[in-house]
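Structure, as structure tokens:
The values are calculated or read from the model by the stated rules, or taken from the named source; none is laboratory data. If you're wondering where the values come from, they're calculated on a predicted model, not measured in any experiment. Cβ coordinates were reconstructed from backbone atoms using ideal geometry, including for glycine residues, and neighbour counts include every protein chain displayed. Note: accessible area is taken over every heavy atom of the protein model, side chains too, but ligands, DNA and RNA are not part of it. Shrake-Rupley method; radii C 1.70, N 1.55, O 1.52, S 1.80 Å.
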Amino acid sequence: MFCKRCGREISGADGSIFCSDCERIVYGRVGSYEQPESERSVKVNAGIYKLLCICMGLCLVAGSVVWAALFMRDRMDKHENTAVLEASADEEPTLAEPASQTKVSAAKSSTTTTTTTVTTTTTTTTTTDPYKQTITPRFLDSYGTMFSIADELPVRIGPGYDYERMDITIPSGTALSVSAEQVDEKSGETWSYINYNEKYGWVPKTLLSAKNPTVAAVLPDEYYYGSDRYEYTVKRFGGLNLYSGPGEEYDVIFKLEQGDTCQREGYNYFSVKWCYVSVGDQYGWIQTYDGDWFNPTVE
């Protein structure tokens, strides 16, 4: 027989034995030891506590994950709102202001209904191309008579190559009355305001001459404009002849000596070694290469 309290084996025939260790009477069965009820309850309670601790740990982990997700979402929303505010600040403010109109109607009962109507007006701004507007000088004066040195000289509505062309062209040698001059800020070139057949417009001053050329020369197929119209210096030993046309079969107007300068004005499509130039008020043709492309006569 075993003591229910301490588990020590004791002897007893009637089932009522006094345990010397516990100093109490022990009731039990002979040949077996039965675990006390208090010890079993302690073990059960420990398991429950362990399960509760595990559940609490899982709850803490889940709460941390949820908190981190909410924190990240708030940060992302805040970043998006900041970007939207910055984009709205960069946009131009709307000129039209919303108008609110409130209508209040009183019913027979004590109930009052309010209706608000918001009207938004959109303003559209159109931009006109400045190079399509006709430019008229503020002050007109007499700048004398000039002669066109370009065949089919185009006339523009403003003082610059970006302005639109008019539906007229001026033949070479035409006398033109100049009433104003203006410098194009983009190209730095001076433009003349002329009158041709009762129509006013602008032409480059570089394509006008104060005197009509003394000798008529063959006109080029195309003319140089702006920075392409620069000076040549004769480098050929013995000088160059100024011809009335792009070829040695034409008449010689006069001779340019080595070191003399001339202004290139135009060219022909099929006379690639010849250039249409001006020397003062005289126009003509010079040969820019001797024989081949490795012997230029001017620079």
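From Ala216, Ala150, Ala175, grab the single residue that is open to solvent by 70 Å² or more (accessible area, probe 1.4 Å) and either of a type in the set (Val, Ile, Thr) or modelled with pLDDT under 90 (or both).
Residue meeting the stated conditions: Ala216.
Which count do you get for residues in the stretch 256-285 that are over 47 Å from the mean Cα position of the chain (by Cα) and not polar (S, T, N, Q)?
Summing the residues that are over 47 Å from the mean Cα position of the chain (by Cα) and not polar (S, T, N, Q) in the stretch 256-285 gives 10.
Identify, please: which residue in the stretch 219-244 is of a type in the set (A, V, I, L, M, F, W, C) and within 23 Å of Gln258 (Cα to Cα) and is, among those, most open to solvent (accessible area, probe 1.4 Å)?
The selected residue is Phe237.
Just to be sure, is Glu299 touching a residue at least 40 places away in the same chain (Cβ under 8 Å) and more than 21 Å from Glu222 (Cβ to Cβ)?
Criteria met by Glu299.
Among Asp260, Asp281, which is closer than 19 Å to Thr174 by Cα and in contact (Cβ under 8 Å) with a residue 24 or more places away in the chain?
Numbers: Asp260 fails: closer than 19 Å to Thr174 by Cα.
Just a single option satisfies the conditions, and that option is Asp281.
For the stretch 178-190, what are the residues that are out of contact with any Leu (no Cβ under 9 Å at 6 or more places or on another chain) and at pLDDT 90 or above?
Glu181, Gln182, Val183, Asp184, Thr190 - these are the residues of the stretch 178-190 that are out of contact with any Leu (no Cβ under 9 Å at 6 or more places or on another chain) and at pLDDT 90 or above.
Criterion first (over 15 Å from Asp290 (Cα atoms) and outside any loop (DSSP other than H, G, I, E, B)) does Cys275 satisfy it?
Values: over 15 Å from Asp290 (Cα atoms): no; outside any loop (DSSP other than H, G, I, E, B): yes.
Considered against the rule, which asks whether it is over 15 Å from Asp290 (Cα atoms) and outside any loop (DSSP other than H, G, I, E, B), Cys275 comes out as no.
Does at least one position in the stretch 194-206 carry a residue that is touching a residue at least 12 places away in the same chain (Cβ under 8 Å), within 16 Å of Gln282 (Cβ to Cβ) and either in contact with a Cys (Cβ under 7 Å, 6 or more places away or on another chain) or crowded, with 17+ Cβ neighbours inside 10 Å (or both)?
Scanning the stretch 194-206 turns up at least one residue that is touching a residue at least 12 places away in the same chain (Cβ under 8 Å), within 16 Å of Gln282 (Cβ to Cβ) and either in contact with a Cys (Cβ under 7 Å, 6 or more places away or on another chain) or crowded, with 17+ Cβ neighbours inside 10 Å (or both).
Which condition breaks for Gly247 when tested against (1) assigned to a loop (DSSP other than H, G, I, E, B); (2) open to solvent by 20 Å² or more (accessible area, probe 1.4 Å)?
The failed condition is (2).
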